[in-house]
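Remarks on the structure that follows.
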Amino acid sequence: MWHIIAGRCGTCGAKKEWNEKECHGCHTPRNRYGRVLFGFVLTLSVLGVLGAVVIGLEM
């Protein structure tokens, strides 16, 4: 998971550019939506935690 944050290939660890279609080290195809998906999941997680805290404070 840290590879997405660091901007590296999940297979070989090579540094990637934002517009590359495949890794220059191991030539595996890139997931173009990895960062978008990570941001979406992170946002939902934060909203879930905040919701649980608010509900917990109301009880």
*Note down the nm distance, to one decimal, between modelled labels 7 Å out along Cα→Cβ at S45 and at H24.*
3.0 nm
*In degrees, nearest 10, range 0 to 90: what is the angle between the Cα axis of helix 34-58 and the longest Cα principal axis of the chain?*
10 degrees
_Size of charge dipole - the chain - debye, nearest 20, with Cβ of Lys, Arg +1 and Asp, Glu -1, no other charges_ = 280 debye
*Which labelled figure in [x] 39, 10, 7; [y] 35, 10, 7; [z] 38, 15, 11 is semi-axes √(5λ) of the Cα gyration tensor in Å, once derived from the coordinates*: [y]
*State the answer as a single residue: which of F40, A6, L50 lies farthest towards the positive end of the charge dipole of region 2-58, with beta carbon charges of +1 for Lys and Arg and -1 for Asp and Glu, about the Cα centre.*
A6
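No lab work stands behind these numbers, since they all come straight from the coordinates. Note that the coordinates shown come from a computational prediction; the quantities given were computed from them, not determined experimentally. Glycine also receives a Cβ, built like all others from the backbone with ideal geometry; neighbour counts cover every protein chain displayed.
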